[in-house]
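Shown next, in structure tokens, is the structure this report addresses.
The values are calculated or read from the model by the stated rules, or taken from the named source; none is laboratory data. Computed from a predicted structure; not experimentally measured. Here the Cβ positions follow ideal geometry from the backbone for every residue, glycine too, while neighbour counts run over all protein chains shown.
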């Protein structure tokens with residue numbers, strides 16, 4: 001999948017990682033970038049076409065799909081982190097994490113995959129997390145949702161193989177955004193994350209490991225849980 005002359009849609013495009021996706025897609029020569037935002041604000045995003053889209057609203061997504069018939073690249077970036085524990089945390093918060101982080105990408109894939117197929121296949125990129133591969137006390141709902149989204153990515157890749165759609169996941173540890181402001185450990189910058197992700201997309205990689213945390217987590221999957229958690233860096 002080449003970014004030059006592509007037509008991309010980025011969910012959660014207003015700030016943080018999403019805003020960086022929009023900027024770098026433009027830098028690499030995307031012909032058009034749809035910047036999907038959940039709020040009703042009409043404040044423009046330079047160089048992009050603003051698209052009102054809530055990933056938890058299938059009806060709204062279907063309306064948006066009518067506007068993007070030229071789409072060739074879907075970036076499922078929108079996400080939330082409620083920092084909810086599974087055993088005693090707010091169950092509504094856990095459900096919301098699943099709605100946005102798992103059902104959100106599922107909703108957009110179901111709506112936009114036919115458009116990608118009609119335009120030659122294109123690509124889908126799911127921005128996930130190394131927490132799909134290990135748990136962290138205080139992030140149980142988020143980790144469970146990202147693990148489900150990782151499995152979703154593999155399934156969608158198989159299901160869309162016949163229409164020549166490239167489906168990739170981007171895996172990383174903490175990113176230097178508002179979402180991880182409470183975390184004092186190492187963080188990858190949004191710039192570096194998106195740059196690595198775009199390189200991986202253009203190279204046709206199905207799984208893009210953006211930092212050491214993601215690499216350690218993936219490499220430890222063959223270990224017993226006791227060994228895995230002893231070897232992994234703090235999340």
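So, residue 201, is that one in a strand (DSSP E or B), surrounded by 18 or more Cβ atoms within 10 Å (Cβ to Cβ) and at pLDDT 95 or above or not? The answer is no for residue 201.
Test residue 189 against the criterion of being under 26 Å from residue 112 (Cβ atoms) and in contact with a helix residue (DSSP H, G or I) (Cβ under 9 Å, 6 or more places away or on another chain), and give yes or no.
no
Counting only residues that are loosely packed, with under 15 Cβ neighbours inside 10 Å and closer than 22 Å to residue 177 by Cα, the stretch 19-39 holds 2 of them. Does residue 138 satisfy the condition of being on the phi > 0 side of the Ramachandran plot and touching a residue at least 12 places away in the same chain (Cβ under 8 Å)? Yes: the conditions hold for residue 138.
Each row is one residue, and each column tells you yes or no for (1) in contact with a strand residue (DSSP E or B) (Cβ under 9 Å, 6 or more places away or on another chain); (2) in a strand (DSSP E or B); (3) more than 23 Å from residue 26 (Cβ to Cβ); (4) at pLDDT below 95.
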site	(1), (2), (3), (4)
154	yes, no, yes, no
157	yes, no, yes, no
162	no, no, yes, no
170	yes, yes, no, no
179	no, no, yes, yes
186	no, no, yes, yes
194	yes, no, no, no
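When you go through 151, 162, 155 one by one, which is the residue that is more than 16 Å from the chain's Cα centre (by Cα) and without any contact (Cβ under 8 Å) to a residue 12 or more places away in the chain? Steps first, please.
Working: 151 fails: more than 16 Å from the chain's Cα centre (by Cα); 155 fails: more than 16 Å from the chain's Cα centre (by Cα).
Going through 151, 162, 155 in turn, just one is more than 16 Å from the chain's Cα centre (by Cα) and without any contact (Cβ under 8 Å) to a residue 12 or more places away in the chain: 162.
Residue under question is residue 30, and the condition is that it be closer than 21 Å to residue 4 by Cα, outside any loop (DSSP other than H, G, I, E, B), in contact (Cβ under 8 Å) with a residue 12 or more places away in the chain and touching a strand residue (DSSP E or B) at 6+ places or on another chain (Cβ under 7 Å); does it hold? Spelling it out, it is not the case that residue 30 is closer than 21 Å to residue 4 by Cα, outside any loop (DSSP other than H, G, I, E, B), in contact (Cβ under 8 Å) with a residue 12 or more places away in the chain and touching a strand residue (DSSP E or B) at 6+ places or on another chain (Cβ under 7 Å).
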